[in-house]
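Encoded as structure tokens, the structure appears first; notes follow it.
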Amino acid sequence: MQKRVRICAAATAVALMAAVTGCGTSSTNSDTNGSTTNGSSSEPTLVLATSADYKPYEYHDTSNGQDQIVGFDIDVANAIAKQLHFKVKIEDMNFDGLIAALQAKRADFVIAGMTPTATRKKSVDFSDVYYQAENVVLTKKGHTVKTMNDLSGEKVAVQLGSIQETAAQSIPNVKLDSLDTIPTVVQEVLSNRADAAVIENTVATGYLKSDPQLQLNKIAGMTENGSAIAFPKGSPWTQKFDTAIEKMKQDGELQQLANKWFGGSQ
Ligand code: ARG
């Protein structure tokens, strides 16, 4: 099944819209008209690539004895899968490798709290934004930061390949400490190996709750970082996902999931 989808996506990239009607589970974009089959045996499997180091978007939950990837993004993906009638297979990898996985067609889509930047848009396609976040600076208590320039000359931990890494690169004389995963980024601050970390508020809040040594510094004038789903260029799924996301915005399902995972902060 997986193979069929991949081949189909590749064919579509070449033949553009002409091939779309032969792909996926639906012959039109009207995913709500009930015309698609409910027989699960005919549902294709799409490979979802993510970097499950980003609680509450996606993370490993081992609380009931098994290792399961859960979170807001996973629930969003499953809700879209239900609407569009496909199955999901999760591939966990480093954040820095996600775009390359799409380009190599090793994944059908990426959901990883990923922000649709102009640079990334050169390599992949993005859905509409489904959630918003903002950069904050995480420090140990007592080290107060009001602007990014307050971090001049300091050692700043960030996730490799993230927009926080790009943001930190413009701090004068910064010593950049780029790491693969967010837990290790936070650990750098906790163990005094870094003076600060640049991270999204939606993720920082969780660490703040579990560790009283940490301080969250809001930076004035930060713009919002939307999260969107990424696809290989020319994927026939982008538009279908947009329709599904729009429906979830309209009927309140997206808000319900946000309440579940972020405590109704948006
Ligand atoms: N929104 C940021 C970006 O797109 C950070 C995303 C990090 N996601 C993750 N699953 N670690 O660069």
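The values are calculated or read from the model by the stated rules, or taken from the named source; none is laboratory data. Being a predicted model, the structure only gives us computed values, none of them experimental. As a convention, Cβ positions derive from the backbone with ideal geometry for all residues, glycine included, and neighbour counts pool all protein chains shown. To get the accessible areas, we keep the full protein, side chains included, count just its heavy atoms, and leave off ligands, DNA and RNA. Shrake-Rupley method; radii C 1.70, N 1.55, O 1.52, S 1.80 Å.
One residue is enough: does segment 159-166 have a residue meeting the conditions over 18 Å from the mean Cα position of the chain (by Cα), under 20 Å from Ser51 (Cβ atoms), buried (at least 20 other Cβ atoms within 10 Å of the Cβ) and within 16 Å of the ligand (Cβ to nearest atom)? Among the residues of segment 159-166, not one is over 18 Å from the mean Cα position of the chain (by Cα), under 20 Å from Ser51 (Cβ atoms), buried (at least 20 other Cβ atoms within 10 Å of the Cβ) and within 16 Å of the ligand (Cβ to nearest atom), which makes the answer no.
Take Phe95 and tell me if it is over 22 Å from Asp242 (Cα atoms), open to solvent by 10 Å² or more (accessible area, probe 1.4 Å) and at pLDDT 95 or above.
Yes: the conditions hold for Phe95.
Within segment 191-231, if we keep just the residues that are crowded, with 23+ Cβ neighbours inside 10 Å and hydroxyl-bearing (Ser, Thr, Tyr), the residue that is nearest to Val137 (Cα to Cα) turns out to be Thr202. Which residue pairs have Cβ atoms under 7 Å apart, sit 6 or more places apart or on different chains, and have a first residue in segment 41-60 that is of a type in the set (D, E, K, R) and a second that is surrounded by fewer than 19 Cβ atoms within 10 Å (Cβ to Cβ) and modelled with pLDDT under 95? Hits for this filter: Glu43/Thr25.
Residues checked against (1) part of a helix (DSSP H, G or I); (2) open to solvent by 50 Å² or more (accessible area, probe 1.4 Å); (3) within 12 Å of the ligand (Cβ to nearest atom); (4) touching a strand residue (DSSP E or B) at 6+ places or on another chain (Cβ under 8 Å):
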residue: Val88; (1), (2), (3), (4): no, no, no, yes
residue: Glu91; (1), (2), (3), (4): no, yes, no, yes
residue: Ala107; (1), (2), (3), (4): no, no, no, yes
residue: Pro116; (1), (2), (3), (4): no, no, yes, yes
residue: Thr119; (1), (2), (3), (4): yes, yes, yes, no
residue: Val145; (1), (2), (3), (4): no, no, no, yes
residue: Pro172; (1), (2), (3), (4): no, yes, no, no
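Can you name the residue in segment 44-58 that is open to solvent by 10 Å² or more (accessible area, probe 1.4 Å) and out of contact with any Pro (no Cβ under 8 Å at 6 or more places or on another chain) and, of all such residues, is nearest to the ligand (Cβ to nearest atom)?
Filtering segment 44-58 for residues that are open to solvent by 10 Å² or more (accessible area, probe 1.4 Å) and out of contact with any Pro (no Cβ under 8 Å at 6 or more places or on another chain), the one nearest to the ligand (Cβ to nearest atom) comes out as Tyr54.
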